[in-house]
Amino acid sequence: MPAECDMADIRALTTVRAPIDAGGVHTRSLTVSAGQPILDALQDASCHLATALDALWPIALNYKADEESPYPAIISGAIAKALIDSVQAAIEQANREAENE
């Protein structure tokens with residue numbers, strides 16, 4: 001039987017500095033700041049994805065058949081947002097359960 005692993009308390013974890021690589025000159029100097037609490041970072045990521053999806057929907061509704069479809073980006077963004085929201089909810093639920101023990 002494997003020994004139990006000691007895991008870090010998720011509430012104590014913070015982000016590490018990371019570049020934002022969107023492949024363009026406009027984002028080359030952007031980074032994720034170090035030190036943001038993980039739950040706050042997840043909430044911020046969800047908000048950024050919601051903003052991106054809000055910007056993509058009007059394009060999707062007006063695109064023409066001979067143009068590149070925005071739907072793959074919308075679907076990928078929606079999946080990423082749902083995953084982030086699910087992880088955030090799971091962590092918050094685990095925190096509530098731990099506080100009630």
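Scanning the stretch 33-79 for residues that are assigned to a helix (DSSP H, G or I) and either in contact (Cβ under 8 Å) with a residue 60 or more places away in the chain or over 15 Å from the mean Cα position of the chain (by Cα) (or both) yields a total of 11.
Residues in the stretch 66-85: is at least one in contact with a Pro (Cβ under 6 Å, 6 or more places away or on another chain) and surrounded by 10 or more Cβ atoms within 10 Å (Cβ to Cβ)?
Here is the first cut: in the stretch 66-85, the ones in contact with a Pro (Cβ under 6 Å, 6 or more places away or on another chain) are none.
Scanning the stretch 66-85 turns up no residue that is in contact with a Pro (Cβ under 6 Å, 6 or more places away or on another chain) and surrounded by 10 or more Cβ atoms within 10 Å (Cβ to Cβ).
Across the stretch 61-101, the qualifying residues are those that are in contact with a helix residue (DSSP H, G or I) (Cβ under 8 Å, 6 or more places away or on another chain) and among the charged types (D, E, K, R), and the one among them that is nearest to Leu49 (Cα to Cα) is Lys81.
So, in the stretch 1-31, how many residues would count as being among the small types (Gly, Ala, Ser), surrounded by 10 or more Cβ atoms within 10 Å (Cβ to Cβ) and at pLDDT 85 or above? Full working, then the answer.
Here is the first cut: in the stretch 1-31, the residues among the small types (Gly, Ala, Ser) are 3, 8, 12, 18, 22-24, 29.
Then keep just the ones that are surrounded by 10 or more Cβ atoms within 10 Å (Cβ to Cβ); that gives 18, 22.
Cutting the leftovers down to at pLDDT 85 or above gives us 18.
Result for the stretch 1-31: 1.
The values are calculated or read from the model by the stated rules, or taken from the named source; none is laboratory data. The structure presented is a predicted model; accordingly, all values stated were derived computationally and were not measured. Using ideal geometry, Cβ is built from the backbone for each residue, glycine included, and neighbour counts are taken over all protein chains shown.
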